[in-house]
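*Asks:* Following this message is one structure expressed as structure tokens.
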Amino acid sequence: MNWPLSPWETAWCAFAIALGYAARAISGFGAGVIATPLLAFVLPLPVTVPLITVLGMFAGLRQIARDWRMVEWRRIATFVPGSLVGVALGLYLFTSLDQVMLARALGVYILGYALYSLFGRNVAQRKPAMPHWIVHPISAIGGLVATIFGGLAGAIYATYLDALGLSKGAFRVTMSATLLVLALVRSVGYAATGVFKPEDLVLIAASIVPLALGTIIGDRLHDRLRPTAFRRAVGVLLVASGAGLLVIH
């Protein structure tokens, strides 16, 4: 198979993947939120979606293998029913919606999340108290968003897991395990609906190096980086990415 990208496009994709998975290594989620909009400037969403899904499984397996004793499996089980509904709806919409419209919808979502990341936490001085039933609509929305965009559910699921008051380590590995389960379900759906293409394999294989590099950097920064500074930097980057996606045509 021929390499489909120019040197500049290759460097850009490597940067996006390394940055996204550094964020995931630090917090347990965020790879899709960061990498997907950046990759969308170079790759079409039907290519980006399976790429991020498969890479997310690699990252999740690594983190769970290391910290599996801290996983809150009971919390993950509550996400499954709603996620299945969201994935099914997402597969239908993914194959029927216009890709430019999807990219712009992604831009709106990214901008909203970025603004919350930058300002929303300062407005909300305390964690919201969530009723138990809210897990079902949250998991359905997460499954829908992740299936359409190949990720991005971490920010949605994090709002619920954060409200449960899990420890730092348990939050990170439980989030990774939740996203791994969701990625496995999506992968079955992508394969059944023809989203996965043989030519995507070369991109997946080449992405292992920047994924590994980003993960190593994220692990080292996990206990050193000030969360506030990191969140602000990511927020500014996401604002720029989301704004750029809104003008794609």
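*Asks:* If only one of A18, A11, A25 is free of Cβ contacts under 8 Å to residues at least 40 places away in the same chain, in a helix (DSSP H, G or I) and either within 14 Å of G154 (Cα to Cα) or over 12 Å from the mean Cα position of the chain (by Cα) (or both), which one is it? Spell out the reasoning first.
*Replies:* Details: A18 fails: free of Cβ contacts under 8 Å to residues at least 40 places away in the same chain; A25 fails: free of Cβ contacts under 8 Å to residues at least 40 places away in the same chain.
The match here is A11.
*Asks:* Still on this structure, I have one more. Regarding the stretch 74-81, can at least one residue be identified that is surrounded by 23 or more Cβ atoms within 10 Å (Cβ to Cβ), out of contact with any strand residue (DSSP E or B) (no Cβ under 8 Å at 6 or more places or on another chain), modelled with pLDDT of 85 or more and in a helix (DSSP H, G or I)?
*Replies:* Filtering the stretch 74-81 down to residues surrounded by 23 or more Cβ atoms within 10 Å (Cβ to Cβ) leaves 79.
Narrowing the set further to residues that are out of contact with any strand residue (DSSP E or B) (no Cβ under 8 Å at 6 or more places or on another chain) leaves 79.
Narrowing further to those that are modelled with pLDDT of 85 or more: 79.
Filter once more, so that each one left must be in a helix (DSSP H, G or I): 79.
Looking through the stretch 74-81, at least one residue is surrounded by 23 or more Cβ atoms within 10 Å (Cβ to Cβ), out of contact with any strand residue (DSSP E or B) (no Cβ under 8 Å at 6 or more places or on another chain), modelled with pLDDT of 85 or more and in a helix (DSSP H, G or I).
*Asks:* When the residues of the stretch 91-136 are narrowed to those that are surrounded by 13 or more Cβ atoms within 10 Å (Cβ to Cβ) and under 15 Å from L161 (Cβ atoms), which ends up modelled with the lowest pLDDT?
*Replies:* M130
*Asks:* Now for a separate question. Any residue at all in the stretch 48-56 that's within 27 Å of S167 (Cβ to Cβ) and assigned to a helix (DSSP H, G or I)?
*Replies:* Our first condition is that a residue be within 27 Å of S167 (Cβ to Cβ); within the stretch 48-56, this holds for 55-56.
Cutting the leftovers down to assigned to a helix (DSSP H, G or I) gives us 55-56.
Yes, that holds for at least one residue.
*Asks:* For the stretch 67-91, name all the residues that are farther than 12 Å from S139 by Cα and either hydrophobic (A, V, I, L, M, F, W, C) or touching a residue at least 24 places away in the same chain (Cβ under 8 Å) (or both).
*Replies:* Of the residues in the stretch 67-91, the ones farther than 12 Å from S139 by Cα are 67-74, 88-91.
Once the filter is applied, which keeps residues that are farther than 12 Å from S139 by Cα and either hydrophobic (A, V, I, L, M, F, W, C) or touching a residue at least 24 places away in the same chain (Cβ under 8 Å) (or both), the stretch 67-91 yields D67, W68, M70, V71, E72, W73, A88, L89, G90, L91.
*Asks:* Still on this structure, please answer the following. In the stretch 183-238, what residues are among the small types (G, A, S) and either at pLDDT below 70 or assigned to a loop (DSSP other than H, G, I, E, B) (or both)? Walk me through it before giving the result.
*Replies:* First, the residues of the stretch 183-238 that are among the small types (G, A, S): 183, 187, 189, 191-192, 194, 205-207, 212, 214, 218, 229, 233, 235.
Scanning the stretch 183-238 gives G194, A229, A233, G235.
*Asks:* Closer than 23 Å to L166 by Cα and modelled with pLDDT of 80 or more, is that true of A65? If you could, list the steps in order and put the result at the bottom.
*Replies:* On the way: closer than 23 Å to L166 by Cα: yes; modelled with pLDDT of 80 or more: yes.
In short, yes.
The values are calculated or read from the model by the stated rules, or taken from the named source; none is laboratory data. Since we're looking at a predicted model, the values are computed, not measured. Please note: Cβ atoms are built from the backbone with ideal geometry, for glycine as well, and neighbour counts cover all protein chains shown.
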